[in-house]
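Peer 1: The following block contains the structure, expressed as structure tokens.
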Amino acid sequence: MTKAFDMELFLSAVLTGSHATRHRHLRQARIIQSEIAKRWQRSTPWAWQRKHLVWFLEHFLTGRSEATQYYYLLTVQLLARRLERPWVFKR
């Protein structure tokens, strides 16, 4: 039996800010993880490629407000920083 991936532990090294900000990033990261796992069966961020995150930002967030898209972009940038990848995402 495999353990579920702990997103909080994964992001703990790069999470800063208020409790509400950290909580929002964790919630959004779990949503990103869930949607990528559904689409590509990649359950952990270590298996993700840049295209997975770009898909999430471009397709999954279609129809969401600009503010929502911006906050998800911040979370995606946080994930890229934690993965130590030089990925750049358009706003």
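Peer 1: Can you tell me, using C-alpha contacts under 8 Å and at least 6 residues apart, the relative contact order of the chain as a whole percent?
Peer 2: RCO, the chain: 31 percent.
Peer 1: Test of understanding: in a Gaussian network model of the chain with alpha carbons linked when under 10 Å, which of Val14, Val54, Val76 would top the mean-square fluctuation ranking?
Peer 2: Of the options given, Val14 has the highest mean-square fluctuation.
Peer 1: Label points 7 Å out from Cα along the Cβ direction at Phe60 and Arg85: separation in nm?
Peer 2: For Phe60 paired with Arg85, the spin-label model returns 1.3 nm.
Peer 1: Still on this structure, please answer the following. So, how do all the Cα-to-Cα distances of region 1-44 break down into 5 Å bins, in percent, from 0 on up?
Peer 2: Using 5 Å bins, I get a P(r) of 5, 22, 27, 22, 14, 8, 2, 0 for region 1-44.
Peer 1: Here is a further query. Percent of alpha carbon pairs in the chain separated by more than 16 Å?
Peer 2: Looking at the chain, the distances longer than 16 Å represent 51 percent of pairs.
Peer 1: Rank these by accessible area, largest first, 1.4 Å probe: Lys38, Lys90.
Peer 2: Accessible-area ranking of Lys38, Lys90, largest first: Lys90, Lys38.
Peer 1: If you don't mind, another one. Quick check for me: using +1 on Lys/Arg Cβ and -1 on Asp/Glu Cβ, what's the dipole size of the chain about its Cα centre, in debye to the nearest 20?
Peer 2: 120 debye
Peer 1: I've got another one for you. Write down the Å³ per residue value for the convex hull defined by the alpha carbon atoms of region 20-65.
Peer 2: With only Cα atoms used, region 20-65 gives 79 Å³ per residue.
Peer 1: Rounded to the nearest whole Å², what accessible area per residue is found for region 28-91 with the 1.4 Å probe?
Peer 2: 62 Å²
The values are calculated or read from the model by the stated rules, or taken from the named source; none is laboratory data. If you're wondering where the values come from, they're calculated on a predicted model, not measured in any experiment. A quick note on method: Cβ atoms are made from the backbone with ideal geometry, for glycine too, and the neighbour counts reach across all protein chains shown. What goes into the accessible areas is simple: the full protein's heavy atoms, side chains included, and nothing from ligands, DNA or RNA. Shrake-Rupley method; radii C 1.70, N 1.55, O 1.52, S 1.80 Å.
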